[in-house]
Amino acid sequence: VPHSKLIDQTNTDLLNFIHQALNRPKKLDLLFRASQHHFQARKFHQKCDGVPHTFTVIRTEHGKTLAGYTPLLWNSVPSGHHS
C-alpha cells in the first residue's frame, strides 16, 4: 500500500494486518485513484476490468475508511444490458 493516500503509512500494525490478510503479497500496484481520475466509473473500469485479486480502499464523505478484497475479476456491464 505504498502509494495510498488513505492508509496511514506510519501505522505498522495496520500495514501488517493488511499484508497478513492479503496473504503477504509480493507487491501491491495502484491501479486507480478516484481523485486523479475525476471519480469516473468509466476510468475505473478501463483500469480495473479483468484484474483479479484487488484490494479496494474507500474514504466516505464522513471521513470513514473502508476496505475490501476480492479474488474475482472486475467487469463492467455494457449500457442497456443486465446480468
Sort out which residues of segment 13-40 are free of Cβ contacts under 8 Å to residues at least 24 places away in the same chain and hydrophobic (A, V, I, L, M, F, W, C), and write them in order of number.
-> 14, 15, 17, 31, 32, 34, 39
For segment 59-71, enumerate the residues that are under 18 Å from residue 7 (Cβ atoms), exposed (fewer than 10 other Cβ atoms within 10 Å of the Cβ) and within 13 Å of the chain's Cα centre (by Cα).
-> 68
Of all residues in segment 10-55, how many are open to solvent by 80 Å² or more (accessible area, probe 1.4 Å) and in a loop (DSSP other than H, G, I, E, B)?
-> 11
May I ask you to verify whether residue 56 is among the polar types (S, T, N, Q) and within 13 Å of the chain's Cα centre (by Cα)?
-> yes
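The values are calculated or read from the model by the stated rules, or taken from the named source; none is laboratory data. The shown structure was predicted, so the numbers you read here are calculated from the model rather than taken from an experiment. Note that each Cβ is placed from the backbone with ideal geometry, even for glycine, and that neighbours are counted across all protein chains shown. For accessibility, only protein heavy atoms count, side chains too; no ligands or nucleic acids. Shrake-Rupley method; radii C 1.70, N 1.55, O 1.52, S 1.80 Å.
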